[in-house]
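Reviewing the structure listed below.
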Amino acid sequence: MSLGVVYGDLSTSPLYVYTSTLIGNLEDHQNEEAIFGACSLIFWTLTLIPLCKYVFILLAADDNGEGGTFALYSLLCRHANFSLLPNQQASDEELSAYRYGPSTHSNVSLLKRFLEKQKRPRTGLLIVVLFGSSMVIGDGVLTSAIAGALLLLACVILISLFALQHIGTHKVAFMFAPIVMLWLISIFCVGLYNIIHWNPKVVSAIYPYYIIKFFRETGRDGWISLGGILLSITGTEAMYADLGHFTAVSIRLAFVFAIYPCLVVQYMGQAAFLSRNLHSIPNSFFESIPDPVFWPIFVVATLSAVVGSQATITATFSVIKQCQALGCFPRVKIVHTSKHIYGQIYIPEINWMLMILTLSITIGFQDTTLIGNAYGNM
């Protein structure tokens, strides 16, 4: 079920990554070496951040089953007197014990003691937490806005998507999971076909040497284009922020055995196609689809782009709940949509505010490329 919510955004990033990366500053560097370098950057970005950082490290750092920036901050505060916020939950009562007497642990780290004694570093830590949470909410707005191409159709789809939120995470996941699964199978098959048909040598792009060659050739323009590379991990923060809606095991298994291999094969397939068809860079994904299956995959891609918004919408609900629990957000109504999983929630006020903001951005920009660039630079 986590496929239908957590990974909708991350799995649809192949729709725009290469176009956003190679158009603009890299227009004078559109050749096979640059494409292989971009592919290598994408591969190692996916490997180091979602796989190594989130799957193997962050998903183990839950706070009573909850995830997200504030959950991590709350977890830190349970082991040291870092908090500048009043306790708002029964589970946080133990934090006040840090005010009385020395720690029972003799091997307290220097960093911990430094942060406990100095107020400015603790204030800086809280600001970073607030900033990170704000970025997750901002991603929720931009991801939803980037889902549509035609303005009227995009607005209708977005309104429908937000109208579905009240039925609960489990039901939404049940509805969306088949779409994401079909999408993953489609991009894996298309990617594998393109690797074999166009340029099998693209597999060698996993070597980091291609990254060195990429920056050596592109210079400053290559560094600026990294905003496009970051689009390959859009929605990664939802893996941790949505932890309260699903178990860590289900999120890990879905990424390792479905999301990661499908994305790697798709990005390599797109790179193989572009290395032989440089003129297709402005519309790389759709032009890389073989003609006989173009329209079925086009329909699946459109549906998946809509589903992709769900990950950050759900993550936003979790972040707002945590902010409110720590006294950093005004009181709002929180509706628990599951009798079995406490973290599955719906917040009506936030849902409709997100919808209004998303529609405003969609109508204001009227260009998904501009929204994608804004997203990549966040």
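Quick note: the coordinates plus some simple rules give every number you see, no bench work behind them. Every value quoted in this text rests on a predicted model; they were computed, and no experiment measured them. So basically every Cβ, Gly included, is an ideal-geometry build from the backbone, and we count neighbours across all protein chains shown.
Worth pointing out:
- Shape call, region 220-298: gyration tensor on alpha carbons, a/c limit 1.5: oblate
- Summarising the amide proton neighbourhood of E66: residues at separation of 5 or more, or on other chains, whose placed amide H is nearer than 5 Å comprise an empty set.
- Taking region 121-262 and dividing mean pair separation by its residue count, relative contact order in percent (alpha carbons under 8 Å, at least six apart): 26 percent
- By average C-beta atoms within 10 angstrom, highest first, the peptides 316-322, 341-347: 316-322, 341-347
- Each residue of region 229-234 was assigned a 3J(HN,Hα) from its phi angle through the Karplus expression (A = 6.51, B = -1.76, C = 1.60, θ = phi - 60°), giving 4, 5, 5, 5, 10, 4 Hz with x at Gly and Pro.
- As a length-normalised measure over Cα pairs under 8 Å and 6 or more apart, the relative contact order of region 183-292 settles at 56 percent.
- 20 Å cut-off, amide nitrogen to a point 7 angstrom out along L152 Cα→Cβ, residues in region 319-363: 359-363
- Per-residue ³J(HN,Hα) for region 347-360, Karplus 6.51 cos²θ - 1.76 cosθ + 1.60, θ = phi - 60°, Hz, x for Gly and Pro: 10, x, 4, 5, 4, 6, 5, 4, 4, 5, 5, 5, 5, 5
- Relative contact order for region 206-356, counting Cα pairs under 8 Å that sit 6 or more residues apart, in percent: 24 percent
- Ordering 299-308, 274-283 by mean Cβ neighbour count within 10 Å, with the highest value first, yields 299-308, 274-283.
- Centre separation in Å (Cα based) which lies between region 167-202 and region 343-363: 27 Å
- Inter-part distance, region 2-23 to region 247-277, computed on C-alpha centroids, equals 10 Å.
- Computed extension length for K119-R331: 73.6 nm, one decimal, from 0.36 nm per residue of separation with the Cα-Cα distance subtracted.
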